[in-house]
Amino acid sequence: LSRAVELDPNNPHTLAVLGWQHCWLYGDKAGIEMIETAERRAPHHPRFSIWAHYRGHCHIRLGDVDQAIAAYQQGVARNPGYSLNLVTLAAAQALAGQMEDARETIESIRRIAPAYSSADFERLAKRMVYWFGDHPSREQMINALHRAYSG
């Protein structure tokens with residue numbers, strides 16, 4: 001990705017993905033800045049809606065749950081039918097203790113992907129090696145979403 005950005009520094013999606021991966025791998029806020037740069041450069045890009053989702057992941061990785069919620073909400077506003085963004089929003093809301101909001105988000109998920117469960121999120125979260133830092137940890141996010149689904 002770094003080489004691709006060197007070859008085509010004006011490709012906003014490559015920059016956004018590089019930022020997302022940079023943040024995931026290194027826990028470095030500079031990754032968020034790359035995503036934000038891509039968003040400023042190309043607000044009409046077909047992948048624009050997913051970039052907010054990437055930012056949300058970065059904020060989770062850096063332990064800023066409130067900023068993650070805001071980013072995931074921007075992703076919902078940009079693409080309300082993207083169920084994975086809704087799942088990560090519900091998990092972040094539940095972790096922040098916003099259980100009513102998390103349950104409302106889960107209802108949105110059920111309308112889009114009725115079979116999706118918190119166990120599906122758990123399997124995904126366990127595959128995403130760099131998704132989480134120390135706080136919140138993977139287990140904290142998984143447990144929060146389980147509580148929201150069961151409540």
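With respect to the conditions (1) touching a residue at least 24 places away in the same chain (Cβ under 8 Å); (2) in a helix (DSSP H, G or I); (3) closer than 19 Å to HIS22 by Cα, ASN85 lacks only one, and its number is (3). For ILE142, are the conditions met, namely being touching a residue at least 24 places away in the same chain (Cβ under 8 Å), within 16 Å of the chain's Cα centre (by Cα) and within 20 Å of GLN73 (Cα to Cα)? Against the criterion (touching a residue at least 24 places away in the same chain (Cβ under 8 Å), within 16 Å of the chain's Cα centre (by Cα) and within 20 Å of GLN73 (Cα to Cα)), ILE142 qualifies. A single member of ASP134, ASP66, ASP101, ASP120 is part of a loop (DSSP other than H, G, I, E, B), over 27 Å from ASN11 (Cα atoms) and among the acidic types (Asp, Glu), and it is ASP134. Set side by side, the residues GLU104, GLU122 differ, and just one is modelled with pLDDT of 95 or more and open to solvent by 40 Å² or more (accessible area, probe 1.4 Å), which is GLU104.
Report whether or not MET141 is open to solvent by 50 Å² or more (accessible area, probe 1.4 Å) and at pLDDT below 95. For MET141, the condition - open to solvent by 50 Å² or more (accessible area, probe 1.4 Å) and at pLDDT below 95 - is not met. With respect to the conditions (1) buried (at least 17 other Cβ atoms within 10 Å of the Cβ); (2) of a type outside the set (Ser, Thr, Tyr); (3) touching a residue at least 24 places away in the same chain (Cβ under 8 Å), ILE35 falls short on a single one, namely (3). Does any residue in the range 106-135 that is farther than 16 Å from TYR149 by Cα come within less than 8 Å, Cβ to Cβ, of a residue that is exposed (fewer than 14 other Cβ atoms within 10 Å of the Cβ) six or more places away or on a different chain, and which pairs are these? Note: pairs meeting the criteria are TYR130/LEU25.
For LEU18, the stated conditions do not hold, so it cannot be described as touching a residue at least 60 places away in the same chain (Cβ under 8 Å), open to solvent by 20 Å² or more (accessible area, probe 1.4 Å) and in a helix (DSSP H, G or I). Would you check if ASP28 is open to solvent by 20 Å² or more (accessible area, probe 1.4 Å) and in a loop (DSSP other than H, G, I, E, B)? Yes; evaluated as a whole, the condition is true for this residue.
The values are calculated or read from the model by the stated rules, or taken from the named source; none is laboratory data. Treat the numbers as computed from the prediction; the structure is a model and nothing was measured. Counting neighbours? That spans all protein chains shown, and the Cβs are built from the backbone with ideal geometry, glycine included. All accessible areas refer to the heavy atoms of the entire protein, side chains included, with ligands and DNA or RNA removed. Shrake-Rupley method; radii C 1.70, N 1.55, O 1.52, S 1.80 Å.
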